[in-house]
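So the structure is just underneath, and the comments pick up after that.
The values are calculated or read from the model by the stated rules, or taken from the named source; none is laboratory data. Since the model is a prediction, treat every value here as computed from it, not as a measurement. Don't worry about glycine lacking a Cβ; one is built from the backbone with ideal geometry, like all the others, and counts go over all protein chains shown. Heavy atoms of the whole protein, side chains included, go into the accessibility calculation; ligands, DNA and RNA do not. Shrake-Rupley method; radii C 1.70, N 1.55, O 1.52, S 1.80 Å.
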Amino acid sequence: QVQLVESGGGLVQPGGSLRLSCAASGTIRSIFVMGWYRQAPGNQRELVAGITNGGTTNYVDSVKGRFTISRDNAKNTMYLQMNSLKPEDTAVYYCNAQSLRGGYWGQGTQVTVSS
């Protein structure tokens, strides 16, 4: 089993920044890829960014150049640095981990971009 706990969400003005954190615990050695997803009201959950154990990253086009995903393996924590935030970035952001035993989700953290 893998447990994921997100933190760092909140209310920010357009153009501002936030950093999300996802702390992993449990059978973390089995994880081979992690990612951040988001879901806005009325929309499907979408992949925002992903990172493999080897450090390979990928981003949805709408956040390229603004968001950066990273991992600190020593702290078993994944981050999402979000800059130049836009109102359309407003959503609940979820941490996801894929392991040999299946996929795991965090509880989500709300990000609201509004003036």
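Do any residues in segment 39-54 that are assigned to a loop (DSSP other than H, G, I, E, B) have Cβ atoms under 7 Å from those of residues that are open to solvent by 80 Å² or more (accessible area, probe 1.4 Å) and at pLDDT below 95, where the two are at least six apart or on different chains, and which pairs are they? Correct list of pairs: Asn53/Phe32. Within segment 69-89, the only residue that satisfies the criterion of being among the hydrophobic types (A, V, I, L, M, F, W, C), surrounded by 14 or more Cβ atoms within 10 Å (Cβ to Cβ) and over 10 Å from Leu20 (Cα atoms) is Leu85.
A count restricted to segment 95-106 and to residues that are assigned to a strand (DSSP E or B) and touching an Asp or Glu at 6+ places or on another chain (Cβ under 6 Å) stands at 1. For Val92, the test of being touching a residue at least 24 places away in the same chain (Cβ under 8 Å), outside any loop (DSSP other than H, G, I, E, B), open to solvent by less than 70 Å² (accessible area, probe 1.4 Å) and within 14 Å of Gln110 (Cβ to Cβ) is passed.
Let's see how each residue does on (1) loosely packed, with under 11 Cβ neighbours inside 10 Å; (2) polar (S, T, N, Q); (3) closer than 25 Å to Leu100 by Cα:
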residue	(1), (2), (3)
Pro41	yes, no, no
Arg45	no, no, yes
Thr52	no, yes, yes
Phe67	no, no, no
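No other residue among Met82, Met78 is within 18 Å of Ser114 (Cα to Cα) and not acidic (Asp, Glu) apart from Met82.
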